[in-house]
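Reading through the structure tokens given below for one structure.
The values are calculated or read from the model by the stated rules, or taken from the named source; none is laboratory data. Quick caveat: nothing in here was measured; it's all calculated off a predicted structure. Positions of Cβ are generated from backbone atoms using ideal geometry, with glycine treated the same way; all protein chains shown enter the neighbour counts. Side chains included, ligands, DNA and RNA excluded: accessible areas come from the protein's heavy atoms. Shrake-Rupley method; radii C 1.70, N 1.55, O 1.52, S 1.80 Å.
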Amino acid sequence: MTRARTHIWRLLKWGRMLARHGALSGIERDPMTPVPVKRMIRVARFGARVPKKPAYADALEAIGPAAIKLGQTLATRPDLVGEEATHDLLRLQDRLPPVSFDRIEETIAQSFDKPLDQLFSRIETDPVGAASIAQVHKAETTDGRTVAIKVLRPGIEKVFARDIETYEWAAAQVEAMGGELARLRPRLTIETFKRWTARELDLRREAASASELAEGMTAEPDFVIPEIDWQRTGGRVMTLQWFDGIKISDRAALDAAGHDRAALAKTLVRAFLRQAISEGFFHADLHQGNLFVLPDGKIAAIDFGIMGRIDRRARLWLAEILYGLITGNYRRVAEIHFEAAYVPPHHNVAEFATALRAVGEPIRGLPVKDISIGQMLDGLFAITRDFDMPTQPHLLLLQKTMVMVEGVATSLDPDINMWETAKPFVSEWLRSELGPEAAIADRIREDFGTLARLPQLVRRLEAEFPDPGGAPPLPPLREIERVRVGGGWRYAAVAIAAFAAGLAGSLLL
């Protein structure tokens, strides 16, 4: 186990890099920051030239791959790092210098039992993308298909294991200080980050995620997922279908190709809602670098390392919350928060509904370009503080992805109204899930499931309470209080008296 002084040394070293980019200024000025943390920040920045405008993304890119991924996680937590830092951290899109092709080729060769020339007829030596965990090369298979090969960076697992251990240690120390930081649950944020990373470091799991997402998106033909080449995929190498398209961030190229950007924005929003609400399994890294527009106008997504999952009950709550905000039914939104135990029960539902109205009414019906996201977030964070709402880790990815999707959609169509775009899909899904037919179907499925489990339940009862056989039933034994005396258990005085009485009776017989 790594010693505390090693963690402290790493934190001071990283703190120094953050200080040089001005990334610690906001934390140091925040009145909620514990005094020990402020002292450590002052030590880290001692003698450093601190710029006036913080560059959070640049600072984390300078620290290394694990810090980049941590920054992407923190981008889901504006309540922890603030709106300014969150906005800047969304720039983190894993642009790093590539690893030499010799080492990449060695990794590919070690991943398969076959020689490379039996799998690929050509692999381009220059990568098309180099990220913090892996890099991608264009290639051609022996059967003539153009594919993309994603390969993990050599030694990346050790780097992440070392850094995550320090992140966990630091989060535990900060959370133990109590107060506002304990409510924000930083340890859960690091645990979420750890789980994301574990999935990304096994490319077989990423391939499986892409395959599962493709099955769920059959109802959205304008949003496509690349096919996986399972015969050329392993833990450190993934091979998938190659797409020729225009990056969704290149608006000039989209216009030149004659694409309808407003239609693309609606397709993206609807595809995300389909994933998050209808399927409960969504692509959680939908930034502009992972989205392309194909010649036929379809949107193609890549990079399935970070995926989110929401169970059906949470999806129903989420859909009702969205629909309530869209229609202005703040009372129902408040009730759902209490039903889901997002708000502690000692608070008042009507008061919570009024607080939601104060945030929702100023922005309802406006296009995104006319909404102050900062004011909205300030209002929402004030609500979470005033009503003692703990962080919900299962919704962190969803919050992050919603911000990303909104950003991409508004870059395509500044006049898009996210609420109105979402309303038809959400209302249709709620009707299908909460209507009388769905209720009857759920009841039938639940009752038949209970009946099917009855034989197994009887067998378990028989195993727990077997036939007593020929022995007579045992006499009932009364309960005897026990007390703790010294290093072991001793009977209380009543037990000792009973034992003495029984012994005397046996002697008389």
Counting only residues that are modelled with pLDDT of 75 or more and not aliphatic (A, V, I, L, M), segment 47-83 contains a total of 12
Among 162, 236, the single one that is charged (D, E, K, R) and under 28 Å from residue 34 (Cα atoms) is 162
Residue 53: passes all of (1) farther than 28 Å from residue 158 by Cβ; (2) surrounded by 13 or more Cβ atoms within 10 Å (Cβ to Cβ) but (2)
Just one listed residue, out of 304, 272, 282, is closer than 17 Å to residue 75 by Cβ, touching a residue at least 60 places away in the same chain (Cβ under 8 Å), open to solvent by less than 10 Å² (accessible area, probe 1.4 Å) and among the aromatic types (Phe, Trp, Tyr), and it is 282
Scanning segment 203-221 residue by residue, the ones that are touching a helix residue (DSSP H, G or I) at 6+ places or on another chain (Cβ under 8 Å), assigned to a loop (DSSP other than H, G, I, E, B) and either open to solvent by 40 Å² or more (accessible area, probe 1.4 Å) or free of Cβ contacts under 8 Å to residues at least 24 places away in the same chain (or both) total 1
Taking segment 130-155 and keeping only residues that are under 11 Å from residue 99 (Cα atoms), part of a strand (DSSP E or B) and not aliphatic (A, V, I, L, M), one is left with 135
Worksheet entry | residue 200 being crowded, with 16+ Cβ neighbours inside 10 Å and within 21 Å of residue 284 (Cβ to Cβ) | yes
Residue set 194, 158, 150; condition open to solvent by less than 40 Å² (accessible area, probe 1.4 Å) and basic (Lys, Arg); output residue 150
Exception for residue 322 within (1) surrounded by fewer than 20 Cβ atoms within 10 Å (Cβ to Cβ); (2) part of a helix (DSSP H, G or I) falls at (1)
When segment 111-132 is checked residue by residue, the ones that are under 20 Å from residue 226 (Cα atoms), surrounded by 15 or more Cβ atoms within 10 Å (Cβ to Cβ) and under 34 Å from the mean Cα position of the chain (by Cα) are 123, 127, 129, 130, 131
When residue 300 is run through (1) modelled with pLDDT under 95; (2) not in a loop (DSSP other than H, G, I, E, B), the failure sits at (1)
Check your understanding: Is it the case that segment 232-249 has a residue that's assigned to a loop (DSSP other than H, G, I, E, B) and of a type in the set (S, T, N, Q)?
Key -> yes
Considering residues that are under 23 Å from the mean Cα position of the chain (by Cα) and β-branched (Val, Ile, Thr), the number found within segment 302-332 is 4
Taking segment 302-360 and keeping residues among the small types (Gly, Ala, Ser) and closer than 30 Å to residue 129 by Cα leaves 305, 308
Reported set for segment 222-262 where residues are in contact (Cβ under 8 Å) with a residue 12 or more places away in the chain, acidic (Asp, Glu) and open to solvent by 20 Å² or more (accessible area, probe 1.4 Å) is 222, 227, 244, 260
